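Novice: Please find one structure pasted underneath; my questions will follow.
The values are calculated or read from the model by the stated rules, or taken from the named source; none is laboratory data. In this text the structure is predicted, and so the values were computed from the model without any measurement. Heads up, the Cβs are rebuilt from the backbone with ideal geometry, glycines too, and the neighbour counts pull from every protein chain shown.
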Amino acid sequence: MEIKFSGKPPDNIKIEEILKDANLQGLTVQKTGSDSAIIRYASESDAVNREAFKKISERSEGAKQMRVEFINSSISKELKKKSLWAMSWAVLGILLYISWAFRKVSMPVESWKYGIGAVIALIHDVLITVGVFSVLGHYKGIEIGVPFIAALLTILGFSVHDTIVVYDRTRENLLKGTSKEKFPEVVNRSLNETLIRSINTSLTVIITLLAIYIFGGESVRHFSLALLVGVTFGTYSSIFIASALLVTIYKYQIKH
């Protein structure tokens, strides 16, 4: 329940004291601005909601109920299912496109293996972001929702963008190079040629996200935090995971 107060809202402890007689389970209060607060508790009863708001309005004249949202297991399962489908389709689309885009450099590593390397790097970025928010959810009570899923999909796009830059330079060097230069050397040269560009691009995005996280409102804070984590590790994975996987695949092929 989000409540907007006519003046300065009571502090969190005061609001909890006001609602103490309502016997709300799992009660937490979070300020969302200079004149509003979000109250979370375990109940799906409209009567309980009305009683909770009545107690607050009696003690805080001019308080307005802005919205009431219910979160239960069925909604969580539906969100989880749709999120997994969205992520799966996005990853599959990226894999197929990279396989098609790099079809002209199928030697010494097949084009679809470029896609595999990019997808593994993406999974790394998403897992770390989910892991960070799992820890924050456990210790800070942060909940995930549609904005978090949107952030994950955005991370997929940004991370693969950095990876494609390195892969594309590798493709150019393979087409221009000679047979004397070994594949690991081509990948290493391509990585060095794009390293500064990748870091500079990521830094500009990180600075922007930091500004949104620090100065933005509560509604976009967790979204920007998810992007911060994903973009940071996405830059790392493009340099140290996606490119290294190409060399690992190449060496594996030689041995077998």
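Here's the yes/no breakdown for (1) assigned by TED's automatic domain parsing to the domain that holds M87; (2) of a type in the set (D, E); (3) exposed (fewer than 14 other Cβ atoms within 10 Å of the Cβ); (4) closer than 30 Å to R40 by Cα:
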| residue | (1), (2), (3), (4) |
| --- | --- |
| T129 | yes, no, no, yes |
| V132 | yes, no, no, yes |
| V165 | yes, no, no, no |
| D168 | yes, yes, no, no |
| E181 | yes, yes, yes, no |
| S190 | yes, no, no, no |
| T201 | yes, no, no, no |
| A226 | yes, no, no, yes |
| T232 | yes, no, no, no |
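Novice: Go through I94, I56, I38 for me and flag whichever is over 27 Å from the mean Cα position of the chain (by Cα) and either at pLDDT 80 or above or crowded, with 16+ Cβ neighbours inside 10 Å (or both). Can you show your working first?
Specialist: Details: I94 fails: over 27 Å from the mean Cα position of the chain (by Cα); I38 fails: over 27 Å from the mean Cα position of the chain (by Cα).
The unique qualifying residue is I56.
Novice: Now, a different point. Scan the stretch 16-40 residue by residue and report those that are part of a loop (DSSP other than H, G, I, E, B), touching a residue at least 24 places away in the same chain (Cβ under 8 Å) and over 17 Å from S6 (Cβ atoms).
Specialist: Answer for the stretch 16-40, where residues must be part of a loop (DSSP other than H, G, I, E, B), touching a residue at least 24 places away in the same chain (Cβ under 8 Å) and over 17 Å from S6 (Cβ atoms): L19, L24.
Novice: Among the candidates I206, I212, I241, I254, which residue alone is over 30 Å from I142 (Cα atoms) and part of a helix (DSSP H, G or I)? Step through it out loud before you land on a result.
Specialist: Working: I206 fails: over 30 Å from I142 (Cα atoms); I212 fails: over 30 Å from I142 (Cα atoms); I241 fails: over 30 Å from I142 (Cα atoms).
Going through I206, I212, I241, I254 in turn, the sole match is I254.
Novice: Can you confirm whether the stretch 169-182 contains a residue that is within 30 Å of L27 (Cα to Cα), assigned to a helix (DSSP H, G or I) and of a type in the set (A, V, I, L, M, F, W, C)? Reasoning before the result, please.
Specialist: Filtering the stretch 169-182 for residues within 30 Å of L27 (Cα to Cα) gives none.
For the stretch 169-182, residues within 30 Å of L27 (Cα to Cα), assigned to a helix (DSSP H, G or I) and of a type in the set (A, V, I, L, M, F, W, C): absent.
Novice: Where residues in the stretch 151-163 are over 23 Å from V220 (Cα atoms) and among the β-branched types (V, I, T), which of them is surrounded by the most Cβ atoms within 10 Å (Cβ to Cβ)?
Specialist: T163
Novice: What about G115, is it surrounded by 18 or more Cβ atoms within 10 Å (Cβ to Cβ) and part of a helix (DSSP H, G or I)?
Specialist: Values: surrounded by 18 or more Cβ atoms within 10 Å (Cβ to Cβ): yes; part of a helix (DSSP H, G or I): yes.
The answer is yes for G115.
Novice: Still on this model: Assess whether K104 counts as being in contact (Cβ under 8 Å) with a residue 24 or more places away in the chain and either closer than 30 Å to I199 by Cα or in the same structural domain as V231 (by TED's automatic domain parsing) (or both). Even if it seems obvious, please write down each step before you answer.
Specialist: Values: in contact (Cβ under 8 Å) with a residue 24 or more places away in the chain: yes; either closer than 30 Å to I199 by Cα or in the same structural domain as V231 (by TED's automatic domain parsing) (or both): yes.
So K104 fits the description; yes.
Novice: Right, next: Check E78, E58, E2, E51 and return the single one that is in contact (Cβ under 8 Å) with a residue 60 or more places away in the chain and acidic (D, E).
Specialist: Working: E78 fails: in contact (Cβ under 8 Å) with a residue 60 or more places away in the chain; E58 fails: in contact (Cβ under 8 Å) with a residue 60 or more places away in the chain; E51 fails: in contact (Cβ under 8 Å) with a residue 60 or more places away in the chain.
Result of the check over E78, E58, E2, E51: E2.
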